[in-house]
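All of the numbers you see were taken from the coordinates with simple rules; none came from a lab. Not measured: the values here are computed from a predicted model. Because the Cβ atoms are built from the backbone with ideal geometry, glycine has one as well, and the counts that use them run over all protein chains shown.
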């Protein structure tokens, strides 16, 4: 059986993309075809990624350029400045003969064989996912339920790992539904694309065991047999991650685990520049520069409150 995995990425997550796919290949018992919904990659980037994924379990590697005009209507936020995350809405760009795929975020350590997910019975559901750690660790979250208008916030899922029935996705024009809700409801979507997916797939999602999407902050003792999600805005490939390295678990398990895999790719030896902490300062400075979308959104909310 061949497994089709899909990722959305731009150059800002290059090292995460390389590591996520490499870990999936190394854990797979079946051939894996890699599909990347790409924005802004150079030919060298694509060549380096293909070299990174030179592995006995790698089948085909395909990059799909998502036109800028398709992403232009979406807005960016402080925590989601890049619009590349929205590229996953256009997953129907994959060949028509791909009827099921596994979507992966670009900040995962895939230590579980995806063949099991590829064969899983979805029991008529169009997607399968893991309930978000934020709802798994509390009895209720009325604020989330009220903000999104959910019937039951305990079904709110993390969208970093999805098993997708592409036949159903295409038949129900999920692409357009996601585009419409992301634009119309932007100001109440804190987690943007993830919130939109939860609204579109409310009561239509098969919830999976948390081993399929375990947050790094859950500090699992056993990585094997799990997919570890390096959630948060600061990733191991950022200089700012240095602040986490005083924590032995984050250093010895997450950081070393990530670079142990990255060092088996074309990016072997990469570490973020951070002499005297200047790299982290530069990242923080860039991160605080607002986009036009952010400024427009703040003005819009001010007018709404005062109107």
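Please give the FRET efficiency for residue 99 paired with residue 204, using the beta carbon to beta carbon distance and R0 = 22 Å, rounded to the nearest 0.05. Display every interim value, and only then the final one.
Numbers: r = 17 Å, r/R0 = 0.79.
Between residue 99 and residue 204 the formula returns 0.80.
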| field | Packing rank of 99-109, 21-31, where each peptide gets the mean count of other beta carbons within 10 Å, highest leading | value | 99-109, 21-31
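If I take R0 = 35 Å and measure r between the Cβ atoms of residue 116 and residue 187 in this structure, what FRET efficiency does the formula 1/(1 + (r/R0)^6) give, to the nearest 0.05? Could you put the intermediate results ahead of the total?
Numbers: r = 39 Å, r/R0 = 1.12.
Once rounded, the FRET efficiency stands at 0.35.
Average projected area of the Cα convex hull of the range 151-254, in nm²? Walk me through the numbers before you get to the answer.
Working: hull surface 34.4 nm².
So the Cα hull casts an average projection of 8.6 nm².
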| Relative contact order [Cα under 8 Å, 6+ residues apart], the chain, whole percent | 21
| query | How do the peptides 236-242, 42-48 rank, highest first, by the average count of neighbouring beta carbon atoms within 10 Å per residue? | reply | 236-242, 42-48
| said: Cut-off is 10 Å between beta-carbons; in what order do 13, 110, 234 appear when sorted fewest neighbours first? | reply: 234, 13, 110
| request: Assign one of three labels to the range 89-214, namely rounded, prolate or oblate, based on the Cα gyration tensor with a ≥ b ≥ c the square roots of its eigenvalues; rounded applies when a/c is under 1.5, prolate when it is not and a/b is larger than b/c, and oblate otherwise. | output: oblate
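Could you sort 60-70, 156-166 so that the peptide with the highest average Cβ count within 10 Å comes first and the rest follow in order? Write out the running numbers ahead of the final one.
Details: 60-70: 14.1, 156-166: 23.3.
Ranking the peptides 60-70, 156-166 by packing returns 156-166, 60-70.
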| task | Multiply the residue gap between residue 1 and residue 145 by 0.36 nm, knock off their C-alpha separation, and tell me the result in nm, one decimal place. | result | 47.9 nm
| request: Would you kindly calculate the mean projected area, averaged across all directions, of the convex hull enclosing the Cα atoms of the chain, in square nanometres? | output: 16.6
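Only bridges whose two residues both fall in the range 2-306 count here: according to DSSP, what percent of them are antiparallel, nearest 5?
Numbers: 12 of 34 bridges.
Bridges in the range 2-306 are about 35 percent antiparallel.
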| query | Between residue 217 and residue 243, 0.36 nm times their residue separation minus their Cα-Cα distance comes to what? | reply | 7.9 nm
